[in-house]
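A.B. asks: Pasting a structure here, questions to come.
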Amino acid sequence: MRVLVVQNFEGTGLGQVGRALAERDADIHLLRADRQAAIPRRPEGYDALIVLGGGQNALADDACPWLPALCDLMRAFAEAGRSVLGICLGSQLLARAYGAENIIGGASEFGWRQVELNEDGEADPLFAGVDAAFPIFEWHDDTFILPRGAVRLAGNLDVHNQAFRVRRAAYGIQFHFEADTALVAQWNSVFEDWLADRQPDWHMRHPEQAKRFGPAADTAGLAIARNWVRTIIPA
């Protein structure tokens, strides 16, 4: 299988999704949109699309002029029945691609938080083998209204729309299930200046939170990653 991965921000990565893809010997093509790589117009040549997160918001077209084309590409993959995975910013862009409202600010979550599946989430193959409630890493300030026709899959008390599906297998996931404890520790270094400014006590909270929530979050995240890879139908 051939998978297109769009990276929007320095320092992000596939994490546990990369592990799940490697287990299936997937051919990964990484496109650095943040380095002015051109966004394809059509999904031909790829079986699936992954859009990673980033520090920008989903409406930041002035600073990130590739975002409209990326939304068009996500919708083209979904309409073609090919698997799509939008993580954090990627989920917000998938919502935008289907005409939903992006809400900038007022939905901040950081650290390991509890997420709960609804009945549709428990029945969805993306969450097969995952507990109905699980801890997972969050890092975002924005949210979105659910696109018309989308199936809501998960939420929590802070952010109603944590996961949704459109079409056969186009998933928007607000939380960072790809970020296992190893990747979070890496982000502590990569984003040290940001954390010092926005989460100045994180270096003290992190060890205890990682020990308390990390193992269960890693297990849930890897299961979700493997489940999504199973949705990919190779050409």
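Quick note: the coordinates plus some simple rules give every number you see, no bench work behind them. Computed from a predicted model, the values in this text were never measured in an experiment. For neighbour counting, all protein chains shown are included, and Cβ atoms are generated from backbone atoms with ideal geometry for every residue, glycine included.
A.B. asks: Compute the distance in nm between two label points, each set 7 Å from the Cα along the Cα-to-Cβ direction, one at residue 185 and one at residue 233.
C.D. replies: 4.1 nm
A.B. asks: Pick from 13, 172, 86: which residue has the top mean-square fluctuation in a GNM of the chain where Cα pairs under 10 Å get a spring?
C.D. replies: Checking each option, the largest mean-square fluctuation is seen for 13.
A.B. asks: A follow-up question, please. In a shell of Cβ-Cβ distance under 12 Å around residue 93, excluding residue 93 itself, what net charge do Lys and Arg (+1) and Asp and Glu (-1) give?
C.D. replies: Its environment carries a net charge of -1.
A.B. asks: If you don't mind, there's one more thing I want to ask. Which percent, to the nearest 5, of DSSP beta bridges fully inside the chain are antiparallel?
C.D. replies: On the way: 20 of 38 bridges.
Beta bridges within the chain, antiparallel portion: roughly 55 percent.
A.B. asks: Which of the listed residues, 220, 53, 121, is farthest toward the dipole's positive end in the chain, when Lys, Arg count +1 and Asp, Glu count -1 at the beta-carbon?
C.D. replies: Going by the charge dipole, the pick is 121.
A.B. asks: Starting at the first residue of the stretch 136-151, write each ³J(HN,Hα) from the Karplus equation 6.51 cos²θ - 1.76 cosθ + 1.60 with θ = phi - 60°, in whole Hz, x for Gly and Pro.
C.D. replies: Result, ordered by residue: 7, 7, 10, 7, 6, 10, 10, 8, 7, 7, 5, x, 4, x, 6, 9 Hz.
A.B. asks: Please arrange 206, 176 by how many other C-beta atoms lie within 10 Å of their C-beta, fewest to most.
C.D. replies: So the ranking, lowest neighbour count to highest, is 206, 176.
A.B. asks: With semi-axes √(5λ) of the Cα gyration tensor in Å as the read-out, I listed (1) 68, 23, 13; (2) 29, 23, 17; (3) 25, 20, 18; which label goes with the value calculated from this structure?
C.D. replies: (3)
A.B. asks: Here is a further query. Grab the other residues whose beta carbon is less than 14 angstrom from that of residue 157, score K and R as +1, D and E as -1, and report the net.
C.D. replies: -3
A.B. asks: A further question follows. Order by neighbour count: 145, 87, fewest other Cβ atoms within 10 Å first, most last.
C.D. replies: 145, 87
A.B. asks: Follow-up. Label residue 211 and residue 35 with points 7 Å out from Cα along Cα→Cβ: what is the distance between them in nm?
C.D. replies: About 3.9 nm separates the two model spin labels.
A.B. asks: Looking at the stretch 145-235, which trypsin sites (Lys or Arg not before Pro) are DSSP coil and have at most 13 other C-beta atoms within 10 Å of their C-beta?
C.D. replies: Of the trypsin sites (Lys or Arg not before Pro), the ones in loops of the stretch 145-235 whose Cβ has at most 13 other Cβ atoms within 10 Å are 148.
A.B. asks: Could I ask something else about it? If neighbour count is taken as other Cβ atoms inside 10 Å, put 27, 141 in order from fewest to most.
C.D. replies: Sorted ascending by nearby Cβ count, the order is 27, 141.
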